[in-house]
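First comes the structure, then the notes that go with it.
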Amino acid sequence: MKRFSDWFRSSPAPIRYVLICTALALAYYALQKFNHRDGMADFRVYYDATQAWLSGDSPYGKAFGVSSGYYKYSPAALIPFSVLVWLPYPLASAIYFAVVLAAFLILSLLLVRFMEQELGFSSQRRGWLLALSALFLADHFERELHLGNVNLFLLIAALALYVCWRNGRARSAGVILASILLVKPHFAILVPYFFWKKEFRTLAWMAAGVLAGLLLPALTEGWSGNIALHREWLAAMQHHNMRLSLSPHTLYGILNDWVLAPLGQQGGRSLVIAALASCAIGFFALLLLNRHRKEDPASCFLEFFLLIGLIPNLTHTDTEHFMWSWPLVTYSMAWLLTDAFPWRRLTIAVLLLAFIPYTLNSPDLVGRRMSWLVDEGGLLGMANVLLLALAVALYLRQPHRHATSAANRAS
């Protein structure tokens, strides 16, 4: 396998991509500054919560920056932000903006390199794959830059977790998974998956990492103070949660609002049936992918990132978390750019159908009514399910096309 630096220099496309994206992001930053919209509300929460914690106050139960700016991650997740809180906020936010931009560029390049060297896709249209994937994620990336959230870093960590696991590095995989769980417990969806794969060493290291992360604040807070902090964390997560039937982008909310409510069967036992049905469908999809697991690395890739992409459809969370479908969007785009691909028209149709709610989510572009349906009516959740289903369908129809990946990895 080529080193990343060699791959990056092997064609002009990655360099052009980095330069164009950087120029656009800097122009966006200047525009935000000019319009006084550079507050980065989510980063402000992390920044102020870390300052409160370091000064001896609780980071929970109070709004930072905006009325909805409550910190709801673990105490240990504040530690990385302690590097920036010693700087004035304008400088700290500018540095964080640059770090988010770098994370976007690195992740997009790593995914395309992974498609070529691990899954056997051609490198002839590398520039197109970078451009189309970035275009499809443009709305989510813009929101990440505007808010200053951590979703890109979690996705990079998930990719690192996948690579470590596939290369037999159980300790590294377990520690990375523990770090992710301390920020977003939603990634616990991977725990039963690793049990299914009998990755018990990875799970053991994960448990040790989570335990260490839970105990670490006791070094400064003491045992009782640490327990109090974690109780406040649990309360913050419960406060942020809501009934899944009322969460418009979850499978339960979509079924409740678009199927059961028109039939007069809103809520009740029907949602329990829906939950069981969604779990059964997901398990069936994993079984279909697992048929080719031993022969084809793409199967594990689809299984792993299908679970991550489904997180915002299974739990109540913010809409920007739908960007976690990015690896499977890139996978579908890679098929679209493959020569002699028989499903090209159908793939284009599905991608265009999902593109409107997934990317063009702005009242100025699609109108106020459509924008409301995307944000509150569940269209974004439907688009995400459509994108994930497309990636799985493309794989199941073309599993033999990944046979060249072994030769690519060996070269």
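Structural remarks
- When a 1.4 Å probe is rolled over the protein heavy atoms, the share of accessible surface on segment 34-74 that falls to carbon and sulfur comes to 49 percent.
- Count Lys and Arg as plus one, Asp and Glu as minus one, and take only other residues whose Cβ is under 12 Å from that of residue 357; the net charge is then -3.
- With 0.36 nm allotted per residue and the present C-alpha distance subtracted, the residue 79-residue 166 stretch has 28.4 nm of extension available.
- Total formal charge among the other residues, if their Cβ is under 12 angstrom from that of residue 208, Lys/Arg +1 and Asp/Glu -1: +2
- For the pair residue 22 and residue 122, a Förster radius of 30 Å applied to the C-beta separation gives a FRET efficiency near 0.70, rounded to the nearest 0.05.
- Amide H contacts under 5 Å for residue 70, placed H, 5+ residues apart: 64
- Principal axis dimensions, segment 111-205 - Cα atoms, whole angstrom, descending: 41, 36, 19
- For segment 134-183, the share of accessible area belonging to carbon and sulfur comes to 61 percent (1.4 Å probe, ligands and nucleic acids excluded).
- Between residue 386 and residue 200, the simple label model (points 7 Å from Cα in the Cβ direction) yields a spacing of 4.5 nm.
- Globularity index of segment 80-140 is 1.52 (Cα radius of gyration / 2.2 N^0.38 Å, N = number of residues).
- More than 21 Å apart - percent of Cα-Cα pairs taken over segment 4-101: 47 percent
- Maximal additional length on extending the residue 397-residue 35 stretch stands at 125.4 nm, based on 0.36 nm per residue less the C-alpha distance.
- Zone of residue 216's modelled label, taken as backbone nitrogen in segment 77-94 under 15 Å from a point 7 Å along Cα→Cβ: 77-84
- log₁₀ of I(q)/I(0) at q = 0.13, 0.23, 0.24 Å⁻¹ - segment 45-157, Debye sum with one point per alpha carbon: -0.61, -1.30, -1.38
- Computed label-point distance, nm, for sites residue 234 and residue 207 using a 7 Å Cα→Cβ extension: 1.9 nm
- Estimated at the nearest 10 Å², the accessible area of residue 205 is 100 Å² with a 1.4 Å probe.
- Looking at segment 1-127, the accessible area is 49 square angstrom per residue; that uses a 1.4 Å probe and ignores ligands, DNA and RNA.
The values are calculated or read from the model by the stated rules, or taken from the named source; none is laboratory data. In this text the structure is predicted, and so the values were computed from the model without any measurement. Cβ: placed from backbone, ideal geometry, glycine included. Neighbour counts: every protein chain shown. The area values use the complete protein model at the heavy-atom level, side chains included, leaving out ligands, DNA and RNA. Shrake-Rupley method; radii C 1.70, N 1.55, O 1.52, S 1.80 Å.
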